[in-house]
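K.L.:
Sending over a structure as structure tokens; questions will come in a sec.
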Amino acid sequence: MTLHHHEVPIDRALVRSLLEAQRPEWAGLPLSPAGAGTDHIMYRLGDDLVARLPRTADNARSVHKEQEWLPRLAPRLACPIPEPVHAGTPTDAFPLPWSVYRWFDGDEAGPDTVRDWTAFGADLAAVVRELHGIGLMGATRTDDLNRPHGGDSHGRPQLVPRRLPAAVRRVVRHAP
């Protein structure tokens, strides 16, 4: 399903061709859809890997940052996070960078998968506290990637009154 007018077409045949060209040792592994969001499409690769491809050039801007920062954050967090194992390079068929990560099992958080929202919230808060406690490790904000997410919100006071009511409704709707 296409979500963006400038989306690069992605299907199983494309992913297989990228693997054949860049990681032939993985090209024969079973390949199946593993989910899609507004920014990326994923394909499960065998039992242990997942290919993650950006839908658009705008979404591709995060690929290199993920490949750089996820390995740096992983040893500082108690929970598992995606581990990049291949940095895919653009081709004529797919002109964007892409990644292969180690797969780890889990379920998307929702009413059917979370039995105790209080415990879930406490676990999530612990991860956020861990992230908040990690130093910048030399990071600088040099572009507008994921703007307005991250950074100092003091310069954007108009966002809070506009977005807070919807956030509260979501929390209340999922409260135990």
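The values are calculated or read from the model by the stated rules, or taken from the named source; none is laboratory data. All figures in this text were calculated on a predicted structure; none of them were measured in a lab. In this analysis, Cβ positions are derived from the backbone assuming ideal geometry, glycine residues included, and neighbour counts consider all displayed protein chains.
K.L.:
From Pro176, Pro148, Pro111, which residue is at pLDDT 90 or above, touching a helix residue (DSSP H, G or I) at 6+ places or on another chain (Cβ under 8 Å) and assigned to a loop (DSSP other than H, G, I, E, B)?
P.N.:
Details: Pro176 fails: at pLDDT 90 or above; Pro148 fails: at pLDDT 90 or above.
It is Pro111.
K.L.:
I'm trying to understand the selection: among the residues of segment 30-69, which are assigned to a loop (DSSP other than H, G, I, E, B) and of a type in the set (Gly, Ala, Ser)?
P.N.:
Of all residues in segment 30-69, those assigned to a loop (DSSP other than H, G, I, E, B) come to 30, 37-39, 46-48, 55-56, 61-62.
Answer for segment 30-69, where residues must be assigned to a loop (DSSP other than H, G, I, E, B) and of a type in the set (Gly, Ala, Ser): Gly37, Gly46, Ser62.
K.L.:
Run down Pro80, Pro84, Pro75, Pro90 and say which single residue is free of Cβ contacts under 8 Å to residues at least 40 places away in the same chain and touching a Ser or Thr at 6+ places or on another chain (Cβ under 6 Å). Steps first, answer last, please.
P.N.:
Values: Pro80 fails: touching a Ser or Thr at 6+ places or on another chain (Cβ under 6 Å); Pro75 fails: touching a Ser or Thr at 6+ places or on another chain (Cβ under 6 Å); Pro90 fails: touching a Ser or Thr at 6+ places or on another chain (Cβ under 6 Å).
After ruling out the rest, the residue left standing is Pro84.
K.L.:
Any residue that is β-branched (Val, Ile, Thr), surrounded by 12 or more Cβ atoms within 10 Å (Cβ to Cβ) and touching a Phe, Trp or Tyr at 6+ places or on another chain (Cβ under 8 Å) - is there at least one of those in segment 33-54? Before you say what the answer is, go through the steps one by one.
P.N.:
Taking segment 33-54 first, the residues β-branched (Val, Ile, Thr) are 38, 41, 50.
From what's left, surrounded by 12 or more Cβ atoms within 10 Å (Cβ to Cβ): 41, 50.
Of the ones still in play, those that are also touching a Phe, Trp or Tyr at 6+ places or on another chain (Cβ under 8 Å) are 50.
Checked segment 33-54: at least one residue is β-branched (Val, Ile, Thr), surrounded by 12 or more Cβ atoms within 10 Å (Cβ to Cβ) and touching a Phe, Trp or Tyr at 6+ places or on another chain (Cβ under 8 Å).
K.L.:
While we're here: Could you figure out which of (1) farther than 22 Å from His4 by Cβ; (2) buried (at least 17 other Cβ atoms within 10 Å of the Cβ) isn't true of Gly133?
P.N.:
Against the list (1) farther than 22 Å from His4 by Cβ; (2) buried (at least 17 other Cβ atoms within 10 Å of the Cβ), Gly133 comes up short only on (2).
Residue-by-condition table, conditions (1) touching a Gly at 6+ places or on another chain (Cβ under 8 Å); (2) within 30 Å of Ala57 (Cβ to Cβ); (3) not assigned by TED's automatic domain parsing to the domain that holds Leu49:
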residue	(1), (2), (3)
Arg76	no, no, no
Glu83	no, yes, no
Gly88	no, yes, no
Pro95	no, yes, no
Pro111	no, no, yes
Ala122	no, no, yes
Ala125	no, no, yes
Leu131	no, yes, yes
Ile134	no, yes, yes
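K.L.:
Let me ask you something else. Residue by residue through segment 86-106, note down the ones that are in a strand (DSSP E or B) and surrounded by 15 or more Cβ atoms within 10 Å (Cβ to Cβ).
P.N.:
Hits for segment 86-106 are His86, Ala87, Gly88, Trp98, Ser99, Val100, Tyr101.
K.L.:
If you go through segment 78-124 one residue at a time, how many are over 17 Å from Arg23 (Cα atoms) and of a type in the set (Phe, Trp, Tyr)?
P.N.:
3
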